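Novice: For reference, the structure I am asking about is given below.
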Amino acid sequence: MRYAVLVTGPAGAGKSTFAKSFITHLAASKRTAHLVNLDPAADPASFEYEPTIDIKDLISLDDVMSELDYGPNGGVVYCFEYLMQNMDWLEEELGGYEDEYLIFDCPGQIELYTHHPFIPTLVQNLSRMGIRTCATYLIESQFMEDKYKFFSGVLSAMSAMVNLEISWINIMSKMDLVTSNSEDPSGGARNGLRKQKDIARYLDPDPLLIATTRGDKSTTINPRFHALNQAIVQLIEDHPLVSFLPLDLTSTDSLEYVVSHIDYTMQYGENEEPKEPHDLDEGDFQDLE
C-alpha cells in the first residue's frame, strides 16, 4: 500500500520546511519517504532533499511565462492544466514505489485548493492508482495577528476541505516563533510578543471570537459588518470542521504528534503483513523447525 500526503496551504506557511522535516523524521524511524514537487515555480536550491518526482521535468513556470507571456498566477494554473492533461506521466513516475510515503509539496496559490478542480482531480487519480491520500493545510501562527485574519484562514481551510473531500489535517505552523516567556519583550517572534496562551485559543476555533452584539458601544467594529460577522459565526458553528494541530519543528515531540495523526488518518500499516524475524529461518531457532 502506498501513501500520499499533500502538503498544502498559503505561501510562506512553511510547507517545504515541513515536508523536509517530515522526510527526516520518517527516515529516523526507518521508514521510506519520497518528495514529490508539484510547485512549478520552486527553486531547486531550496530543496534539502532532491525531489524524486518533479513537475518541472514536465513543465516549468519559467517556460510558461517566457513562451506564453503569462503572469505568475496564470502560469501556475496553466502548469496544472497541463499536468491534468498528462496524468499518464505522473502515473508512470509513481509506478515504481510500493509501501512508501509520497510527500507532495504543493504550490502556495490558495485558489488551486479552493476554486479550481486540479487538486481534486489529482486526488481522484491517486485513489484510482490505489494510493491512500490525505492532505495537510498549514497556516502559520504569526499570521494570527488578530481574530479577523484568523477567521479568514479558517474559512480558506474550510473551503479547501470541502473542495478536496479527503482526509484532512489542519496545522498551525511555526509555533517555535510563539514564546512561552512573557518576560521576553520581543516574544522571540518577528511580529512582536505572541504568548502561547494567546495562540492556544485559536487551535479549536471559537466562532464567538468574531461575534459582535448589535448596538455594543465598546467595540470599534463598523456596525455595517454586524450581519456579515453573524453570518460567518453561524457558518462556522453549523459546520465545525476546522481545528488545528500546533507544529513546532524545533520539537521532536511536536513533529511526532503531527505525524502520528497523519498515520492514523490514513490507517498506515493496517494492511501490512507482519514480518518474520530472520532468526526463524536461520540462526538461533533453526533447530526448532
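The values are calculated or read from the model by the stated rules, or taken from the named source; none is laboratory data. Since this is a predicted model, take the numbers as computed values, not measurements. Heavy atoms of the whole protein, side chains included, go into the accessibility calculation; ligands, DNA and RNA do not. Shrake-Rupley method; radii C 1.70, N 1.55, O 1.52, S 1.80 Å.
Novice: Could you count how many residues in the range 69-85 are more than 22 Å from ASN163 (Cα to Cα) and open to solvent by less than 70 Å² (accessible area, probe 1.4 Å)?
Specialist: Applying the first criterion (more than 22 Å from ASN163 (Cα to Cα)) to the range 69-85 yields 69-72.
With the extra rule that they be open to solvent by less than 70 Å² (accessible area, probe 1.4 Å), the set shrinks to 71.
Adding up the residues that qualify gives 1.
Novice: Is it the case, given these coordinates, that ALA41 is closer than 18 Å to GLY12 by Cα and at pLDDT below 90?
Specialist: When the stated conditions are applied, ALA41 does not pass them.
Novice: May I pose another question? Can you tell me which residue is farthest from MET158 (Cα to Cα) among those in the range 89-142 that are among the small types (Gly, Ala, Ser) and open to solvent by 10 Å² or more (accessible area, probe 1.4 Å)? Steps first, please.
Specialist: Initially, the range 89-142 is screened for residues among the small types (Gly, Ala, Ser), giving 95-96, 108, 127, 130, 135, 141.
Checking which are open to solvent by 10 Å² or more (accessible area, probe 1.4 Å) leaves us with 95-96, 108, 127, 130.
On the way: GLY95: 32, GLY96: 34, GLY108: 16, SER127: 22, GLY130: 26 Å.
Result: GLY96.
Novice: Still on this structure, please answer the following. Out of the residues in the range 213-265 meeting the condition of being open to solvent by less than 30 Å² (accessible area, probe 1.4 Å) and assigned to a loop (DSSP other than H, G, I, E, B), tell me which one is modelled with the lowest pLDDT.
Specialist: Among those that are open to solvent by less than 30 Å² (accessible area, probe 1.4 Å) and assigned to a loop (DSSP other than H, G, I, E, B), it is VAL242.
Novice: Of all the residues that make up the range 16-43, how many are open to solvent by 20 Å² or more (accessible area, probe 1.4 Å) and either charged (D, E, K, R) or closer than 18 Å to PHE80 by Cα (or both)?
Specialist: Selection size over the range 16-43: 6.
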